[in-house]
Amino acid sequence: MDRAERIEAFEAKYQLFASQRSDAAPAKPRIAAWGLVKAGKSSLLNMLSGHASDEHFQTGDIRTTRINQALELDDYVLVDTPGLGFDADDTQQANQGLDKADVVLFVHAPPGELDVEEVALLDQLRNAYGDEVGERVVLVISQLDKLQDADLAEVRQTIERQALIHLGTKPECFVISSTRFKSGVEKNKEGLCIKSGIPQLAQHLQTLSKSLNHSLEEARQKRLARRALELCESIDVAIEQEIKLIEQVTQPYVVKAKAFIELIDGARRTFKTHTSDMQKARKKLDSL
Ligand SMILES: Nc1nc2c(ncn2[C@@H]2O[C@H](COP(=O)(O)OP(=O)(O)OP(=O)(O)O)[C@@H](O)[C@H]2O)c(=O)[nH]1
Ligand SMILES: [Mg+2]
C-alpha cells in the first residue's frame, strides 16, 4: 500500500467509526453469526429464529450471503454476515457486522479443527472484545451430522484448546446440526430437535441476552473507546513513519544547505574586512 492509499484507508476507517458511533443501537443485544464462507451461518440463524422451513436468511451451496441482514426476535437481534475469506468486500461487510455485535456466534464447519485463517479470526475477536471475550464469543461447531461422534469429540477438544490459547479464556461451545433440527421440526420429532443442539444454543442465547441487558450500553461504549484508541495508535505509528521519511528525504539537502550558508558567511566576512580596510583608507585620504 503506498502513502496515498494508506491515508485514504485511515480516512475510510475514521468515517466508518464516526458513522457507527452515531448509529442508534437497538435496546436488545445484537447477536452476529460470523465465520468462514459456507460455515453454515445463515442456516443456523434460520433455525434459531423459527424459520426452519421458510428460509428467512438465504442459504446455498455456493457463497450466498453478501450483506449484513438483521432480524429482531423477542430477546435479541440476530445478524447474518457474509462469509470471511471469500473476497475483500465480503470480509469488510462481515467485519462491520462484528463491529456492532454484542455477541458473536463464531461458526466453524468440520471436518477438522480451526485452520490458520480461523485462528487469526480468534485473535481478531480477542482484540475486539478485550477482557469480555469469554462471555461475548460463543463457539459453534456446525454440521455435526456430517461426522461420527468420536471424530466430533476430538474436533471439539482441539477447537476448545485453540480457543483457550488465542482468546485467553474458554468460551461456551455448542455442536449443532441445522439439517437435523430442520428435519426434527418438519417431522415433529422432539428427540431429533434436541439431538441437533439448536434448542440448547437458543436457551443459552436467551439467558445470555437477559444477563447482558443491564450492561449493554456500557459495554458498547467500552468497545467504541477501544476502537478509537486502536485507530489513534495506528495513526500515531503512521505519523512517526512520515516524520522519519521526511528526515531521510531532506537529509542530503540539509547538508548541502549548511555548506552553502557557511560559504555565504565566509564571503560576507571577507567582504566586511575589505570594506572596513577601504573605509580606513578613505579616512586617511580625508585627513591629508
Ligand atoms: N449437512 C449439513 N449441511 C448444512 C448444515 N448447515 C448448513 N448446511 C449446508 O451448508 C451450505 C452452506 O450453508 P449456509 O447456511 O448458506 O452457510 P453460510 O455460512 O451462511 O454461507 P455464506 O453465506 O456463503 O458464507 C448449504 O448448502 C447448507 O444447506 C448442517 O447442519 N448439516
Ligand atoms: Mg450465509
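The values are calculated or read from the model by the stated rules, or taken from the named source; none is laboratory data. Computed from a predicted model, the values in this text were never measured in an experiment. For neighbour counting, all protein chains shown are included, and Cβ atoms are generated from backbone atoms with ideal geometry for every residue, glycine included.
See the values below:
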read-out: Residues that are near ligand 1 (Cβ under 7 Å from one of its atoms) and farther than 15 Å from V107 by Cα, drawn from the stretch 42-56; value: none
read-out: The stretch 172-210, residues that are outside any helix (DSSP H, G or I) and within 14 Å of ligand 1 (Cβ to nearest atom); value: F174, V175, I176, S177, S196, G197
read-out: Only one of A39, A12, A32, A18 that is within 16 Å of ligand 1 (Cβ to nearest atom), at pLDDT 85 or above and not in a strand (DSSP E or B); value: A39
read-out: Residues satisfying the stated conditions in the stretch 162-217, i.e. of a type in the set (G, A, S) and within 16 Å of ligand 2 (Cβ to nearest atom); value: S178
read-out: Residue that is farthest from ligand 2 (Cβ to nearest atom) [pool: residues in the stretch 7-59 that are in contact with a Leu (Cβ under 9 Å, 6 or more places away or on another chain) and among the basic types (K, R)]; value: R21
read-out: For F86: the one exception among (1) part of a loop (DSSP other than H, G, I, E, B); (2) closer than 22 Å to R227 by Cβ; (3) within 14 Å of ligand 2 (Cβ to nearest atom); value: (2)
read-out: Count of residues meeting criterion [assigned to a strand (DSSP E or B) and over 22 Å from T179 (Cα atoms)] in the stretch 137-166; value: 1
read-out: Any hit, the stretch 128-136, residues being of a type in the set (A, V, I, L, M) and either surrounded by fewer than 20 Cβ atoms within 10 Å (Cβ to Cβ) or outside any helix (DSSP H, G or I) (or both); value: no
read-out: Residue check for R66: charged (D, E, K, R) and more than 16 Å from ligand 2 (Cβ to nearest atom); value: no
read-out: Residue in the stretch 227-246 that is among the hydroxyl-bearing types (S, T, Y) and surrounded by 12 or more Cβ atoms within 10 Å (Cβ to Cβ) present; value: yes
read-out: Answer residue from the stretch 89-119, given it is in a loop (DSSP other than H, G, I, E, B) and under 14 Å from the mean Cα position of the chain (by Cα) and is farthest from ligand 2 (Cβ to nearest atom) among those; value: D102
read-out: Yes/no for L152 being away from ligand 2 (no atom under 16 Å from the Cβ) and farther than 18 Å from G50 by Cα; value: yes
read-out: Search result, residues across the stretch 46-98 that are acidic (D, E), farther than 19 Å from R30 by Cα and surrounded by fewer than 16 Cβ atoms within 10 Å (Cβ to Cβ); value: D54, E55, D61, D87, D89
read-out: Out of D74, D80, sole residue that is modelled with pLDDT of 95 or more, among the charged types (D, E, K, R) and more than 15 Å from ligand 1 (Cβ to nearest atom); value: D74
